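Enquirer: Got a structure for you, questions after.
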Amino acid sequence: MPCGSLDKRRQGHRCVQCRENHRKCDGSRPCRYCKDQKLKCDEPVSTKGTVTVVQYRPNPPIQPISRILGVNDWLFVRIFFNAVISDSLFLSAYTYDEIGQLIHEKGSVYEAVVAVGTTYASQMYTDLRLSSDQKKDLDKLCSKLRFSITSEIHEPHAIQDPYFLLRAHLLGFIEIMTDDTAERWGRLVHNIQHYLLPQNELAPSEKSFHVPLLSTTRLSIAICDVMYDNLPCTLCLTHLPCNISVASGPQKEVLTSRGEKIEFLARVLERWAVLKFRSFDWIKNMESDQSSTLDQNSYFCLDQDTKQISLAGLEIICQACELQQEVIATMLNQFAQGSECAIHDRDFIQPFYHWVLTGLSHLFLRPEWHSYDWNLPVMEAALTNQQALLALNGVERMLQKAQIDTALYASFLPVVGVQLSTVEDRNRIIKLLHDIKERGFAVASAFEADIIRGWNNPHSLFF
């Protein structure tokens, strides 16, 4: 029997109760069924011409995590580029002129820049503090970036993101701002070293790198090697292309372009890092060679193993002396340049050279080096202290201009701080580190712990 809209009997034939109970209705009011059941018999409402529309809400599209930050995306992008717009020699690879086109493509580089800009803004500006939901979204974005860098590191270069190295450096900014142990930054630099490892199919061609970015990469790896007591990454970079054919030194060509100055500085730090680890190995060999305690002033009285140790030590000393001379000569050459650009570049780079000279002297203060009657490349205490103070003055001066590159100069302070002994100078170091932490760079806590450890035991830090 047809029912509902297919029921062709007269309009309103069945009452409401008969319809609901699927009963036959006699059409009277009240009908027989409602009388027998003692129910209220109601006339049904006419549904003629009525259309019922059922709507379903579509599932919201899955957004990239960075878009969750909403309209602030471009604000944080702008903050990032304002933070790298300074005249710092070490930020040229991240300026808008270099990577602006990549930002407009809104790909992986765009998300990395948003993450860095958001992290920097939330640390630096109180009026841009993130809500709890935004903090969660930022954590997700940073975690996504870390995961992609870690997972892509061993992929063949043919299928790897061509901007992997840039994204890895951008992640580095996040790590030094958020990790107070500096461990994540150290692991990241180690991963970058694997990316550059010049062997088999993992060896990248020279053309695949932008020159400023490669120079910044070398600088980061060398600084990490100087600061960490592990196998130097720089040992794996000896075959990377170098744009400087002759190192600066006495009666050698003066470095003029910014690219040459940065690349020479990177090479200086790499050589210092390698000397540090070779010295560390030499001291371990000295401690294990019991015969080295016998008549060490007479080379011909030593056994073969001890002779090899002795020769290795002399080679380290010679290389350290050569590096020390080249750094001093380069500093003198740069002071001779009087142009405004040259003076500006000198102000950025000179603190690094004072840092290197301080570290080289500290390297040979270990008692093992005094087991032989050798002339060591150690400056007098007053001169070493002067170099440390000059480096500290340079750091304080640069931090007045520095923005997102602040932590780069903070890495000086453990080496410089261990050399300084007066209460006034040590308080300057601690105050400077606290200022850096207030700027939002958590890595300063790790440097402060290293300095305090070095003050308690000067030989505990191996620079």
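The values are calculated or read from the model by the stated rules, or taken from the named source; none is laboratory data. Everything numeric here is computed off the predicted structure, so don't read it as measured data. A quick note on method: Cβ atoms are made from the backbone with ideal geometry, for glycine too, and the neighbour counts reach across all protein chains shown.
Enquirer: Would you confirm whether any residue within segment 309-331 is outside the structural domain of Leu91 (by TED's automatic domain parsing), assigned to a helix (DSSP H, G or I), at pLDDT below 80 and not charged (D, E, K, R)?
Expert: No, segment 309-331 contains no residue that is outside the structural domain of Leu91 (by TED's automatic domain parsing), assigned to a helix (DSSP H, G or I), at pLDDT below 80 and not charged (D, E, K, R).
Enquirer: If I filter segment 213-232 for residues that are within 20 Å of Ala410 (Cβ to Cβ), at pLDDT 65 or above, in a loop (DSSP other than H, G, I, E, B) and touching a helix residue (DSSP H, G or I) at 6+ places or on another chain (Cβ under 6 Å), do I get at least one hit?
Expert: yes
Enquirer: Scan segment 373-387 and report the pairs whose first residue is in contact (Cβ under 8 Å) with a residue 60 or more places away in the chain and whose second residue is part of a loop (DSSP other than H, G, I, E, B), with Cβ atoms within less than 6 Å and a gap of 6+ or a chain change.
Expert: Listed by first residue and then by second, the contacts come to Asp373/Asn297.
Enquirer: Let me spell it out: the conditions are (1) over 28 Å from Ile79 (Cα atoms); (2) in contact with a Leu (Cβ under 6 Å, 6 or more places away or on another chain); (3) touching a residue at least 60 places away in the same chain (Cβ under 8 Å), and Phe348 meets all of them except one. Which number is the exception?
Expert: (1)
Enquirer: Hey, another quick one. With the structure loaded, tell me whether Leu294 is assigned by TED's automatic domain parsing to the domain that holds Tyr353, surrounded by fewer than 13 Cβ atoms within 10 Å (Cβ to Cβ) and either among the β-branched types (Val, Ile, Thr) or modelled with pLDDT under 65 (or both) or whether it fails that test.
Expert: Yes, satisfied.
Enquirer: Against the definition (part of a helix (DSSP H, G or I) and at pLDDT below 85), how does Gln63 come out, yes or no?
Expert: Here the answer is no, as Gln63 does not meet what is asked.
Enquirer: Related question: Name the single residue that is surrounded by the most Cβ atoms within 10 Å (Cβ to Cβ) among those in segment 102-118 being out of contact with any Phe, Trp or Tyr (no Cβ under 7 Å at 6 or more places or on another chain) and more than 19 Å from Thr216 (Cβ to Cβ).
Expert: Result: Glu111.
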